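Please treat every number below as a calculation from the coordinates, not as lab data. Fair warning: this is a prediction, and the values are worked out from it, not measured in the lab. Please note: Cβ atoms are built from the backbone with ideal geometry, for glycine as well, and neighbour counts cover all protein chains shown.
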Amino acid sequence: RVILSPNLTTCHQSLSDADVPVYCCPPKRESEEAFIDFQFPDPSSLTLRIRRPAHLVDDDYIAKYNKALSIMKSLPYEDPRNFMRQANMHCIYCTGAYNQQHSNSLLKIHRSWLFFPWHRMMLYFHERILASLIGDDTFALPFWNWDSPAGMVIPRMYMNGSFRDPERDASHLPPQVADIDFDYVESGLDPQDQIATNVAFMYNQMVSGAKKTELFMGCPYKPGEEGFCDGPGTIELAPHNALHTWVGSNLNPERENLGAFYSAARDPIFYAHHSNIDRLWEVWRGLQGAKAEIHDPDWLDSYFFFHDEKSQLVRIKIRDVLDITKLGYDFQKVDLPWLNARP
Ligand code: C2O
């Protein structure tokens, strides 16, 4: 059976969203490295990592994360744990730098049911690399809690130290309230109205517009040319895409960094943005119960490759990432102000 997966021997130049050539392949071919299959972290030695809202973390946490990130940025580019290499993993898989196994079709992880699990994998490895760089296995990424009024601005921690990215829209920095359904046009709403609009929009994306699994998870993407689909889930389209665009610099041609897929993960806020996406996937599954599960083996067996905190290449399947407790992390429980915001 042909499984949707990348052919590591094929990494090649790819195209940005605006069709500009980009190159984000690793300096050494991964196909020459031996890989291992993913294994869960040992449950007996496991301290659950708790991801917390970025606007609520304390100075000690920020200092710790800042240190880990600075080390990550200082590693040589040859090291797969290097920050730019991490960012380029996203570039590789989202611009289609790999062909699929058994086909010359490009493999792309947006706009389909690959979206949630692939980004969960990326964060899983990224978080563990940061933790190992400071020797703290309780370290967890924060989440940008933009579905809650207090989280609807760029969290302060992303304005300083190694978290700051100069390539952002200057008019969207704090205290500007985010338009989580931003579509290149300023809403012009005052803060209170923007917050109310955002909360109602969240209800639509998480509840009323996401009652069927495919509407939330995205369309079934199968191997080969005919297997491609283009049907992003509700949350992927917005707030996900919308906030990428909203944060990226309006002075750059593709609103880099966060606004373009090839450059998005160069902005450290990317990881907090996706940590919230990952959390909302859990929240939605909790609301839907058993009917949320996808049993299609084409999805469960799709696999990708990442380097772990030991710089070891790992093959990981979607079925490996469906239980976050087994992966060793969880999210701090926070209010869901949109849950009862039926218009
Ligand atoms: Cu792979 Cu937020 O995009």
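Remarks
- Figure legend: label point modelled 7 angstrom from the Cα of residue 79 along Cα→Cβ; residues of region 264-290 with amide N under 20 Å from it are 266-268.
- Dipole check for the chain: with +1 at the C-beta of Lys and Arg, -1 at the C-beta of Asp and Glu, and the Cα centre as origin, the magnitude is about 540 Debye.
- Positive minus negative residues near residue 309 (Lys, Arg vs Asp, Glu; Cβ under 15 Å): -1
- Fewest-first ranking of 172, 240, using other Cβ atoms within 10 Å as the exposure measure: 172, 240
- Full-stretch length increase - residue 105, residue 171 - with 0.36 nm per residue and alpha-carbon distance subtracted: 19.8 nm
- For the chain, the cysteines with no partner cysteine C-beta closer than 4.7 Å are 94.
- Under 5 Å, built H, 5+ apart or other chain: amide partners of residue 51: 330, 331, 332
- Positive-end extreme of charge dipole, the chain - chosen from 80, 155, 185 (charges on Cβ): 80
- Three-way shape call for the chain based on the alpha-carbon gyration tensor, with the a/c threshold at 1.5: rounded
- Taking trypsin sites (Lys or Arg not before Pro) as exposed when their DSSP state is a loop state and no more than 15 other Cβ atoms lie within 10 Å, the longest site-free interval of the chain runs over 30-163.
- Distance cut-off 20 Å, percentage of C-alpha pairs in region 7-165 lying past it: 60 percent
- Added length on full extension, which subtracts the Cα-Cα distance from 0.36 nm per residue, residue 193 to residue 40: 50.6 nm
- Counting beta carbons within 10 Å around each of 58, 19 and listing the fewest first gives the order 19, 58.
- Dipole of the chain, positive end: most advanced residue of 22, 295, 98 [Cβ charges, Cα centre]: 295
- Residue-averaged 222 nm ellipticity for the chain, from DSSP H runs of 4+ at -39500 (n - 2.57), nearest 500: -9000 deg cm²/dmol
- At most 12 other Cβ within 10 Å, DSSP loop - chymotrypsin sites (Phe, Trp or Tyr not before Pro), region 180-272: 184
- Region 223-343: translational diffusion in µm²/s, Stokes-Einstein, Kirkwood Rh over Cα pairs, 4 °C, 1.567 mPa s: 75 µm²/s
- Residues whose amide H comes within less than 5 Å of that of residue 22, counting only those at least five positions distant or on another chain, are 14, 15, 16 (H built at 1.01 Å from N in the peptide plane).
- Residue of 191, 117, 297 that the Gaussian network model of the chain assigns the largest fluctuation, springs spanning Cα pairs under 10 Å: 297
- Furthest towards positive pole of dipole, 66, 118, 36, structure part the chain, Cβ charges: 36
- Global geometry of region 163-279, whether rounded, prolate or oblate, following the gyration tensor of its Cα atoms and the 1.5 cut on a/c: oblate
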